[in-house]
Amino acid sequence: MHRTQSQYEDAFTFKVFIFQFVNFYSSPFYVAFFKGRFVGYPGHYKKLLGTRNEDCGPGGCLIELAQQLIIIMVGKQVINNIQEFILPKIKAWLHKRKLPTVHADSHMQPQRPPWEEDYELIPCEGLFEEYLEMVLQFGFITIFVAAFPLAPLFALLNNWVELRLDAQKFVCEYRRPVAERAQDIGVWFNIMDALAQISVIINAFLIAFTSDFLPKLLYQHTCDRNLKGYINFTLSYSPDDYIVQNYTMCRYKDYRDQNGNYTLFYWKLLAIRLGFIIAFEHVVFFISRVIDWVVPDVPESLEIKIKRETYLAKQALADNQEKLLMHAVLPPPTL
């Protein structure tokens, strides 16, 4: 049991976000880090429950991840905006149909009070779904930005449209919400901070293991600076004992010899990938800490005003206490 309402809301928010995190991000994570990783090679393909593991297309898994993000950040957001525009109107229409027709004689009372008109609107459902949608969007544009760099731009365009849709929805379709004081956005801030920290590591792994950035750099350094023959270099020959009908040669994308063993280039590339991840995350975390230290959370001018307001409040409280003491000490006036 939670002792306060804030603790209950924070715990509920965290549990719902974990569920939605798995629901929304499992497919991109699978494409980015698991699809095509445990396939094997010709003659020794790995299987799960009797089915061969899925491999990436000729363009690689990064292209598939980018296509999936395009569908999410463009197509799905357009559909969500259409739903947010249409569904409140449908709910308002259904809500009005359920209400009893009290004002049948409209000529006797041509204008109803505002509170009666507001009662016909939809009850406000709060901002939980709005926060959840924005935080999930923040995760997409930070965790997978290396695969789809245009994701922040489409998120900005979507938020600009959704800002006007939400304004119309809360002003025209919903009842006036009850105002509640809040110190901050609660556990949402911690969730967004955790997503920002995780995104640095995830993007480092995306660049190192999913993209061809480091293999091309190593190939330029060791073989050919013009990337001539790079595609053929990434293709390995199948083992001699692998025989397929009507095929005299089989090549697949991997760094193996004809015996199925990893080549020296693979182990060099693996060491470079791990070193890049460590260097990348350290540099990004260092830059973020420097920016956090240089740029204050509260501007100096605002901090001075806050201190002055606090000082005036304390001074007013002290003056009030002094007046109360004076009235308590002095005897009452005699008539």
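The values are calculated or read from the model by the stated rules, or taken from the named source; none is laboratory data. Keep in mind that this is a model prediction, so the values were computed, not measured. All Cβ positions, even for glycine, are placed from backbone atoms using ideal geometry, and neighbour counts span all protein chains on display.
Checking the structure you have, find out if any residue of the stretch 52-64 is in a helix (DSSP H, G or I), under 30 Å from F205 (Cβ atoms), modelled with pLDDT of 75 or more and touching a Lys or Arg at 6+ places or on another chain (Cβ under 9 Å). Yes, the stretch 52-64 contains a residue that is in a helix (DSSP H, G or I), under 30 Å from F205 (Cβ atoms), modelled with pLDDT of 75 or more and touching a Lys or Arg at 6+ places or on another chain (Cβ under 9 Å). Take the stretch 163-184 and flag every residue that is surrounded by 14 or more Cβ atoms within 10 Å (Cβ to Cβ) and either charged (D, E, K, R) or part of a loop (DSSP other than H, G, I, E, B) (or both). Across the stretch 163-184, the qualifying residues are D166, K169, E173, R175. The residues of the stretch 267-322 that are within 22 Å of F189 (Cβ to Cβ), within 27 Å of the chain's Cα centre (by Cα) and aliphatic (A, V, I, L, M), listed by number, are V284, I287, V290, I291, V294, V295, V298. Scoring N53 on the criteria (1) surrounded by 13 or more Cβ atoms within 10 Å (Cβ to Cβ); (2) over 29 Å from S199 (Cα atoms); (3) without any contact (Cβ under 8 Å) to a residue 40 or more places away in the chain leaves a single failure, condition (2).
For the stretch 188-195, the criterion of a residue being in a helix (DSSP H, G or I) and closer than 14 Å to L127 by Cα is satisfied by at least one position. Of all the numbered requirements in (1) at pLDDT below 90; (2) in a loop (DSSP other than H, G, I, E, B), V145 misses one, and that requirement is (1).
Okay, residues lined up against (1) surrounded by fewer than 12 Cβ atoms within 10 Å (Cβ to Cβ); (2) closer than 22 Å to T222 by Cα; (3) in contact with a Pro (Cβ under 7 Å, 6 or more places away or on another chain):
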site	(1), (2), (3)
D240	yes, no, no
R256	no, yes, no
T263	no, yes, no
Y266	no, yes, no
F276	no, yes, no
I287	yes, no, no
E303	no, no, no
T310	yes, no, no
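Evaluating V22 against the criteria (1) of a type in the set (A, V, I, L, M); (2) closer than 15 Å to G139 by Cα; (3) surrounded by 14 or more Cβ atoms within 10 Å (Cβ to Cβ) leaves one unmet condition, (3).
Residues are listed down the side, and each one gets a yes or a no for (1) more than 30 Å from V171 (Cα to Cα); (2) among the hydroxyl-bearing types (S, T, Y):
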position: T4; (1), (2): yes, yes
position: E9; (1), (2): no, no
position: N23; (1), (2): yes, no
position: F29; (1), (2): yes, no
position: N53; (1), (2): yes, no
